[in-house]
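Every number here is computed from the coordinates shown, using simple stated rules; none is lab data. Bear in mind the structure is a predicted one, so any value in this text is a computation, not a measurement. Please note: Cβ atoms are built from the backbone with ideal geometry, for glycine as well, and neighbour counts cover all protein chains shown.
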Amino acid sequence: MAAAKGKSGWILVVLILAGLVIGGLLGQLATKVDFLWWLGYSQTFGLTTPLELDLSVIQLTFAISFKISVSSIIGMIIGILIYKMI
């Protein structure tokens, strides 16, 4: 992410994350409305079972899962557009 016109790449990351979170919340609310059900359609991917590392002294468990919905993608795109406008 090269900064153009003095823009920080961190601002872009924050706007994308904010778009994902707000879009996800709006997608959950939209599932209750008959004609907006498709905004809540989502797909979950990631590790289905946690990866465990036992070193006798310390035990580490790794797990990551993403749930991306249509409204989250729309929110992410809006975040990118806002970044380009500022």
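Things worth noting here:
- In segment 24-49, the residues that are touching a residue at least 40 places away in the same chain (Cβ under 8 Å) and within 16 Å of residue 68 (Cα to Cα) form Cβ pairs under 8 Å with partners that are surrounded by 10 or more Cβ atoms within 10 Å (Cβ to Cβ) and β-branched (Val, Ile, Thr), at six or more places apart or across chains, as follows: 27/70.
- When 68, 78 are checked against the criterion of being of a type in the set (A, V, I, L, M), part of a helix (DSSP H, G or I) and touching a residue at least 24 places away in the same chain (Cβ under 8 Å), 78 stands alone in meeting it.
- Residue within segment 19-41 that is under 17 Å from the mean Cα position of the chain (by Cα), assigned to a strand (DSSP E or B), among the polar types (S, T, N, Q) and surrounded by 10 or more Cβ atoms within 10 Å (Cβ to Cβ) present: no
- Positions within segment 6-16 being without any contact (Cβ under 8 Å) to a residue 40 or more places away in the chain and either surrounded by 13 or more Cβ atoms within 10 Å (Cβ to Cβ) or in a helix (DSSP H, G or I) (or both), in sequence order: 9, 10, 13, 14
- Only one entry in 74, 78 is under 29 Å from residue 7 (Cβ atoms), surrounded by 15 or more Cβ atoms within 10 Å (Cβ to Cβ) and under 12 Å from the mean Cα position of the chain (by Cα), namely 74.
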